[in-house]
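What follows is one structure encoded as structure tokens, with my remarks underneath.
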Amino acid sequence: MPKIDANDILEQLSWRYATKQFDPSRKIPEETVKSLEKALVLTPSSFGLQPWKFVIVEDQAIKDQFPAVSWDQQQTKDCSHMVVLTVKTGYTRENVGEFIDRMAEVRGVSAESLSGYEEFAGGFVDQANEQGFIDAWATKQVYIALGQLLYTAALLGVDACPMEGIDPAAYDKILGLEGTGYSTVVACPLGYRAEGDKYATTAKVRFSVDDVIDRR
């Protein structure tokens with residue numbers, strides 16, 4: 001399989017920034033949206049359990065409700081697509097079983113042949129529930145997905161703005177997530193930068209490689 005040129009990757013990562021103003025007239029092509037969806041699905045997770053769901057909002061009537069519960073951040077309504085990353089709360093051993101069934105289906109084997117892995121992953125989930133950190137663990141997985149989304153968007157030339165400055169409970173209500181077992185963690189508007197966004201040309205501020213990389 002051909003490799004992506006390293007310089008191209010770095011150029012796109014330098015190009016991306018937390019977009020402050022989107023051009024509401026520009027929409028992401030459907031083919032590109034599907035690629036972003038697949039990238040989210042391909043996100044790695046602890047034990048491969050994928051304790052999440054991603055809600056992608058294109059409906060303008062829904063997007064118009066977001067600024068009021070997002071510190072008035074206009075990106076939430078002006079973007080082409082709003083991605084809301086949610087966590088599966090109260091993840092249980094039963095959910096592990098659902099993953100094992102899916103693994104058996106995809107790999108063409110019996111669920112019984114995967115009993116060792118079910119015990120391994122399930123044992124961790126049981127312990128996490130007993131010790132009260134299951135939701136914290138699951139939420140960390142969602143942030144891996146956010147990173148994958150930002151990286152893929154940059155490679156595809158799509159602008160993004162990850163944001164925690166939102167009211168998760170209000171998002172859950174707007175999206176009808178209450179009682180579903182899923183809860184909003186973080187959001188990420190996607191689209192194309194407006195010509196007037198001054199931050200598009202502002203120098204990116206990062207500490208030097210020597211400051212943040214320790215090679216041994």
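The values are calculated or read from the model by the stated rules, or taken from the named source; none is laboratory data. Because the structure is a prediction, the values reported are computed rather than measured. With ideal geometry, Cβ positions are generated from the backbone for all residues, glycine too; neighbour counts draw on all protein chains shown.
Just to be sure before I move on: is V96 crowded, with 18+ Cβ neighbours inside 10 Å and hydrophobic (A, V, I, L, M, F, W, C) in the structure I sent?
So V96 fits the description; yes.
Which residues, taken from the range 167-189, are buried (at least 19 other Cβ atoms within 10 Å of the Cβ), under 15 Å from the mean Cα position of the chain (by Cα) and either in a loop (DSSP other than H, G, I, E, B) or not β-branched (V, I, T) (or both)?
Y182, S183, A187, C188, P189
Is it true that V96 is assigned to a helix (DSSP H, G or I) and touching a residue at least 40 places away in the same chain (Cβ under 8 Å)?
Yes; evaluated as a whole, the condition is true for this residue.
Looking at (1) over 30 Å from D8 (Cβ atoms); (2) of a type outside the set (S, T, N, Q); (3) at pLDDT below 95, which is the one condition that is false for G196?
(1)
Can you give me the number of residues within the range 109-119 that are assigned to a helix (DSSP H, G or I) and surrounded by fewer than 17 Cβ atoms within 10 Å (Cβ to Cβ)?
Of the residues in the range 109-119, 7 are assigned to a helix (DSSP H, G or I) and surrounded by fewer than 17 Cβ atoms within 10 Å (Cβ to Cβ).
Okay, residues lined up against (1) surrounded by fewer than 17 Cβ atoms within 10 Å (Cβ to Cβ); (2) in contact (Cβ under 8 Å) with a residue 24 or more places away in the chain; (3) part of a helix (DSSP H, G or I):
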position	(1), (2), (3)
A104	yes, no, yes
A121	no, yes, yes
V125	no, yes, yes
T139	no, yes, yes
G147	yes, no, yes
G157	yes, yes, no
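Tell me which residues, restricted to the range 36-61, are assigned to a helix (DSSP H, G or I), in contact (Cβ under 8 Å) with a residue 24 or more places away in the chain and surrounded by fewer than 17 Cβ atoms within 10 Å (Cβ to Cβ).
Within the range 36-61, S46, F47, G48 qualify.
Name the residue, out of V84, V69, V41, that is under 15 Å from the mean Cα position of the chain (by Cα) and more than 30 Å from A104 (Cβ to Cβ).
Sole residue among the options that is under 15 Å from the mean Cα position of the chain (by Cα) and more than 30 Å from A104 (Cβ to Cβ): V84.
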